[in-house]
Amino acid sequence: MRTAADQSVQNTGANRVTISDVSDALGLTKSTVSRALNDYPDIAEGTRLRVRRMAEKMGYNPLSFAQAIRTGLTRSVGLVIQMADHDAHRPFLAEFLAGVSQGASAEGWTLTLAAANDPDHTLETFSSMIRDRKVDGFIIPRTLVHDDRIELLRRKRIPFVLFGRTADPTDCAWFDLLGEDAMQDAVRRLAALGHSRIGFINGGLQYNYAALRRDGFLLGMQEAGLEADAHLMGDDAVTIAEGRLEALRMLRLPAPPTAIVCAVDMAALGVYRAAAECGLVIGSDLSTLSYDGTPDGAHATPPLSTYAVNFTRSGSTLSSLLIRRIRGEDPQDLRETEQAVFLDRGSAGPPALTSGEIAGRVAQHAA
C-alpha cells in the first residue's frame, strides 16, 4: 500500500507537490507544516526537522515569491565577489562558494551570487540587490580596515556577516581565521630551527588581515628575543611578482634574512623566484613559511609550508551565522574564530648559510 508520501514523491510537472501533500503524509496540519518550514519559534526543533526531511523526500519546493510575501524573506543569502581582489580567481574560491551554498541549503536557503569589477560597482551591486529584494542578508569576504560595504549595510539596516574582522566591530558578526596566531607560530618555528634574521612580507594594507598578521609577526619576534629589523619588513605584496620584488630587496641587503615569513602564499611563491635568481635553495639556504594553503604552493619545489584554511567549512559556517542573524540573533553572539592548520612541507629548515654567507652568494651570483 502506498502512503501519501510515496504518491507525492512521484508528482512532477503539473502535479506539483503542495504543502497539503506534506501535511497529509505527516498527519500534521497545514499550518504546522508551514510554520515549521518557515522556522517559526513556536515549532519544536524535532518537528521542524521531521517536516523538512519529509518535504525534501517528497520534492516539495515552495513558490518563492508567495513565500516572500508571507514571511517577508526571500530565504537567500547574498555574496558579491570583487573581481579586482587579488584572490578573486584563486582555486579556493570554488571551495568557498561550495561551502556557502551547502550551509545555506542545509537550512533550506539559497545563495545569490553577483560579481563587481571595482569598489563603486560593488556598492551599486549591493544597492541593486537590496532594492530588488533579491536577498535577506550578505556575506562580506576579504574585509577592509575601513569598509564601505559595511557602512552601506549598516545604513540600510541589512543583516550581514564578515569573513574577517574590521576596525569598527559595531553591529558586526563574523567568522575569521586567526592569521595573527599563525604568523606568531611561524616565527616560533623558525627561531627553534636556529634562524635569527627573519624577514616579513605582508599583504595589502587596505585589508584588515594585514595589521593583524604584522602584529602576530612582531609578537613572535619579541617572544623569541629577536630584533624586528624594519629593513626586513615589506608591505603590499599579494602577487608572485610583488613577493619576488620584496624578497630581492631584502636578499640584496648587506645583512639579508635567512628566513622570510609571508602573509599570503602568492608572495611566498615570489620568494621562491627571488631565491632562484640569487642562486639560493629554498628549504636550506633560505627558508620561508606562509599562509593560505593554496594549491599552487603544494606544487612548488620543495612544496610550500603554509598555514591552511578550510574554505569549504568557512563558507558553510558563514551561511549559518548569517541566517541566524537574519532570524534576529545579536551579532555580538555570532563571532567565531579558529586556527589555521600548519602544513609542514619542507620549505623551512635549519639555516645552511649565515646572513653574511647569503649576502656573499647573492653578490657572487649577480656578478
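General remarks:
- Of all residues in segment 229-258, none satisfies the criterion of being of a type in the set (Asp, Glu), open to solvent by less than 40 Å² (accessible area, probe 1.4 Å) and within 17 Å of residue 297 (Cα to Cα).
Results for (1) of a type outside the set (Gly, Ala, Ser); (2) assigned by TED's automatic domain parsing to the domain that holds residue 245; (3) free of Cβ contacts under 8 Å to residues at least 60 places away in the same chain; (4) touching a Leu at 6+ places or on another chain (Cβ under 9 Å), shown as yes or no for each residue.
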residue: 168; (1), (2), (3), (4): yes, no, yes, no
residue: 172; (1), (2), (3), (4): yes, no, no, yes
residue: 186; (1), (2), (3), (4): no, yes, no, yes
residue: 190; (1), (2), (3), (4): yes, yes, no, yes
residue: 193; (1), (2), (3), (4): yes, yes, no, no
residue: 197; (1), (2), (3), (4): yes, yes, no, yes
residue: 200; (1), (2), (3), (4): yes, yes, no, yes
residue: 203; (1), (2), (3), (4): no, yes, no, no
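- Taking the criterion of being in contact with a helix residue (DSSP H, G or I) (Cβ under 9 Å, 6 or more places away or on another chain), aliphatic (A, V, I, L, M) and either surrounded by fewer than 17 Cβ atoms within 10 Å (Cβ to Cβ) or over 24 Å from residue 265 (Cα atoms) (or both), the residues of segment 87-106 that qualify are 93, 94, 98, 104, 106.
- Boolean, residue 38 is modelled with pLDDT under 85, within 30 Å of residue 125 (Cα to Cα), in contact with a helix residue (DSSP H, G or I) (Cβ under 8 Å, 6 or more places away or on another chain) and surrounded by fewer than 17 Cβ atoms within 10 Å (Cβ to Cβ): yes
- All positions within segment 277-299 that are outside any strand (DSSP E or B), open to solvent by 10 Å² or more (accessible area, probe 1.4 Å) and not aliphatic (A, V, I, L, M): 277, 279, 283, 284, 285, 293, 295, 296, 299
- Among the residues making up segment 107-135, those that are of a type outside the set (A, V, I, L, M), closer than 19 Å to residue 315 by Cα and open to solvent by 20 Å² or more (accessible area, probe 1.4 Å) are 107, 108, 110, 112.
- Residues satisfying the stated conditions in segment 213-263, i.e. among the basic types (Lys, Arg) and either under 24 Å from the mean Cα position of the chain (by Cα) or not assigned by TED's automatic domain parsing to the domain that holds residue 185 (or both): 213, 214
- Single residue of segment 259-276 satisfying the filter (open to solvent by 10 Å² or more (accessible area, probe 1.4 Å) and of a type outside the set (Lys, Arg)) that is farthest from residue 215 (Cα to Cα): 276
The values are calculated or read from the model by the stated rules, or taken from the named source; none is laboratory data. As the structure is a computational prediction, the values presented were derived from the model and not from experiment. So basically every Cβ, Gly included, is an ideal-geometry build from the backbone, and we count neighbours across all protein chains shown. Accessible surface areas use protein heavy atoms only, side chains included; no ligands, DNA or RNA. Shrake-Rupley method; radii C 1.70, N 1.55, O 1.52, S 1.80 Å.
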